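Structure record follows, encoded as structure tokens.
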Ligand code: PLP
């Protein structure tokens, strides 16, 4: 399992970054409406956040077409990934996931003694659902699927994932991490929340960190069967990990469709520009459905990120399938121009 990020190194590198393209943040958030709600909530923040949390939970339940008992809030979706890792790893067993994928849940489970069963992505960089279904065994404690996937940005077709959920969830719980789903053309047709509505043992996790631009405010949620929500709640203080200020801001942002559409549009412009730069330099980026782009490098990844950092651009490299890769998050157009100038010097 990839190691945890080295916080000391990150903190040392941050001041060198004019363009911070390391962590798939949204530079346009939070929205003005969210900031206003947050400031108003500051005045009452001597009070515990109960009613603000309940209001956010009710609004999310309504938006997702489920009952409030199907919703659990977290301080970012990381909170819920950790809760699932702790809940499902407590009796040993293993987490089944793709490789590469977002490592947080797997790492937390392995830290407390679980195993990791990994399945490579298909040649289109989708989850290999047939191979994953075959790998499910008595020792599997949870199936973890990230769609769209991180770090590749690629998707697993919703119809195939839906039939996978329908059959495999009868045997084992499935955790679908939809952190980036809001960047897709029609998120409502892509989400697996309908599997939860049909009563399947599926947990869907979402975050406000991406399209809502809340990475620093820490709000996420899970949708699952009420008995599963109760269980996960044991590891997240029942959802009371969210501050009154963040819950109020999230409630304002949840319905601010104009703002999220603006962010999706800005992200598309940055992505089109980045694809153009990469392709003109002879690179072949993966087909991204997120706010980041992954492309195969022609040099050592560590060397590449170091050289880019010297030029003020922070990004990340990976190694998988005998290939070095770079993942660049989409920033403002100024950020992407800085990326393009530095990249052209190195390619
Ligand atoms: N899931 C995926 C796939 C992610 O990429 C991230 C963060 O980058 C997270 C979950 C966690 O995000 P947060 O804890 O900010 O909601």
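The values are calculated or read from the model by the stated rules, or taken from the named source; none is laboratory data. Everything numeric in this text was worked out from a predicted model, so none of it was measured. All Cβ positions, glycine included, derive from the backbone under ideal geometry; neighbour counts span all protein chains shown.
Structure summary
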read-out	value
Checklist (1) touching a strand residue (DSSP E or B) at 6+ places or on another chain (Cβ under 6 Å); (2) free of Cβ contacts under 8 Å to residues at least 60 places away in the same chain applied to residue 293, failing item	(2)
Checklist (1) over 18 Å from the mean Cα position of the chain (by Cα); (2) at negative phi applied to residue 185, failing item	(1)
Members of the stretch 1-27 found to be at pLDDT 95 or above and within 16 Å of the ligand (Cβ to nearest atom), listed by number	20, 21, 22, 23, 24, 25, 26, 27
Failed item in (1) within 16 Å of the ligand (Cβ to nearest atom); (2) at pLDDT 95 or above, with residue 35 passing the rest	(1)
Some residue of the stretch 41-63 being in the same structural domain as residue 205 (by TED's automatic domain parsing), touching a strand residue (DSSP E or B) at 6+ places or on another chain (Cβ under 9 Å) and not in a helix (DSSP H, G or I)	no
Filter result (in contact with a strand residue (DSSP E or B) (Cβ under 9 Å, 6 or more places away or on another chain) and closer than 12 Å to residue 17 by Cα) within the stretch 296-306	305
Some residue of the stretch 75-89 being part of a loop (DSSP other than H, G, I, E, B) and surrounded by fewer than 19 Cβ atoms within 10 Å (Cβ to Cβ)	no
The stretch 78-101 - residue that is out of contact with any helix residue (DSSP H, G or I) (no Cβ under 8 Å at 6 or more places or on another chain) and within 16 Å of the ligand (Cβ to nearest atom) and, of those, farthest from residue 147 (Cα to Cα)	79
Which numbered condition residue 238 fails, given (1) crowded, with 23+ Cβ neighbours inside 10 Å; (2) closer than 23 Å to residue 73 by Cβ	(1)
Residue list for the stretch 180-192, filter: in contact (Cβ under 8 Å) with a residue 12 or more places away in the chain and more than 16 Å from the ligand (Cβ to nearest atom)	189
Residue 162 being within 16 Å of the ligand (Cβ to nearest atom) and out of contact with any strand residue (DSSP E or B) (no Cβ under 8 Å at 6 or more places or on another chain)	no
Residue 56 touching a helix residue (DSSP H, G or I) at 6+ places or on another chain (Cβ under 8 Å) and closer than 13 Å to residue 239 by Cα	yes
Residues within the stretch 321-335 that are touching a strand residue (DSSP E or B) at 6+ places or on another chain (Cβ under 8 Å), surrounded by 14 or more Cβ atoms within 10 Å (Cβ to Cβ) and farther than 17 Å from residue 13 by Cβ, tallied	3
Members of the stretch 61-77 that are touching a helix residue (DSSP H, G or I) at 6+ places or on another chain (Cβ under 6 Å) and within 12 Å of the ligand (Cβ to nearest atom)	73, 74
